[in-house]
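Working notes, structure below.
The values are calculated or read from the model by the stated rules, or taken from the named source; none is laboratory data. The structure presented is a predicted model; accordingly, all values stated were derived computationally and were not measured. FYI the Cβ positions are ideal-geometry reconstructions off the backbone, even for glycines, and counts take in every protein chain you see.
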């Protein structure tokens, strides 16, 4: 990552940086996750999104079991250098529930998302 | 907030929940911040975005000094109920640097954002 200007300045909080993931074309926000340095390095090297799973305390290559990989088009960083925005091509859906986006409901419980696959087919 | 189905289920981590903010029309991601319960309550009541500033350790009504308010159109929640997505009408720009979005650079330092105001006019 030696050609990068901003990467050395990135601020990891307890080893993690928040990553917002959006569809590169429609700009729909697909999910929110965390990365550690290793996940970010693998993401940049392979151009496939990797995260750090806080619940499983392990590295997580998104799509490894489902095939629903996220192919990186661009990675943006915010003004404070403490959050990332990944613009991706999403295979299938981002959400394990079968929705395209994990943000498929309003806070008052209305479903607004698009279901794109049947969970029994991949999990 | 008694008419809400999902709100009681929201997971605050050390009192905070991540909030992604996007333009309600273009879906451009504008910024990333945290909310505590009070910030979320005020946001829902006033329909103007409020956050919790971790650096200042205080409640923060976005736009209070700049006039760059964020008017809430919709608040979405993710599958795990531990992250929020705010769809807003942004007055001026979201970023204190004058850019429309805080995500105005790639991780390799290329500027890709749109400057929408001169910081000397508001700060």
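I need a count of the residues in region A:87-100 that are closer than 16 Å to residue A:21 by Cα and either surrounded by fewer than 23 Cβ atoms within 10 Å (Cβ to Cβ) or within 8 Å of another protein chain (Cβ to nearest Cβ) (or both).
Looking only at region A:87-100, we keep the residues that are closer than 16 Å to residue A:21 by Cα, and these are A:87-96, A:99-100.
Now narrow it down to the ones that are either surrounded by fewer than 23 Cβ atoms within 10 Å (Cβ to Cβ) or within 8 Å of another protein chain (Cβ to nearest Cβ) (or both): A:87, A:89, A:91-92, A:95-96, A:99-100.
Adding up the residues that qualify gives 8.
Looking across B:113, B:63, one residue alone is under 22 Å from residue A:77 (Cβ atoms) and buried (at least 17 other Cβ atoms within 10 Å of the Cβ). It is B:113.
The set of residues in region A:26-37 that are farther than 16 Å from residue B:80 by Cα and touching a strand residue (DSSP E or B) at 6+ places or on another chain (Cβ under 6 Å) comprises A:35, A:36.
Quick grid of which residues meet (1) facing chain A (nearest Cβ under 7 Å); (2) surrounded by fewer than 16 Cβ atoms within 10 Å (Cβ to Cβ); (3) within 12 Å of the chain's Cα centre (by Cα); (4) under 14 Å from residue B:61 (Cβ atoms):
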position: B:7; (1), (2), (3), (4): yes, no, no, no
position: B:11; (1), (2), (3), (4): no, yes, no, no
position: B:15; (1), (2), (3), (4): no, yes, no, no
position: B:34; (1), (2), (3), (4): no, no, yes, no
position: B:38; (1), (2), (3), (4): no, yes, no, yes
position: B:44; (1), (2), (3), (4): no, no, no, yes
position: B:48; (1), (2), (3), (4): no, no, yes, yes
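Could you please let me know if residue B:103 is within 7 Å of chain A (Cβ to nearest Cβ), modelled with pLDDT of 95 or more, in a loop (DSSP other than H, G, I, E, B) and surrounded by 15 or more Cβ atoms within 10 Å (Cβ to Cβ)? It is true that residue B:103 is within 7 Å of chain A (Cβ to nearest Cβ), modelled with pLDDT of 95 or more, in a loop (DSSP other than H, G, I, E, B) and surrounded by 15 or more Cβ atoms within 10 Å (Cβ to Cβ).
Would you check which residues across region A:72-84 are in a loop (DSSP other than H, G, I, E, B) and out of contact with any helix residue (DSSP H, G or I) (no Cβ under 6 Å at 6 or more places or on another chain) and list them?
Start the filter on region A:72-84 by keeping residues that are in a loop (DSSP other than H, G, I, E, B), which leaves A:78-83.
Hits for region A:72-84 are A:78, A:79, A:80, A:82, A:83.
Taking region A:85-97 as the range and being in a loop (DSSP other than H, G, I, E, B) and modelled with pLDDT of 95 or more as the test, the residues that pass are A:91, A:92, A:93, A:94, A:95. Return the only residue of A:108, A:80, A:23, A:118 being touching a residue at least 40 places away in the same chain (Cβ under 8 Å) and out of contact with any strand residue (DSSP E or B) (no Cβ under 7 Å at 6 or more places or on another chain). After applying the criteria, what remains is A:80.
Note on region B:50-59: residues that are more than 22 Å from residue A:84 (Cβ to Cβ) and surrounded by 14 or more Cβ atoms within 10 Å (Cβ to Cβ) amount to 2. Residue count for region B:66-82, restricted to those that are more than 17 Å from residue B:23 (Cα to Cα) and facing another protein chain (nearest Cβ under 7 Å): 2.
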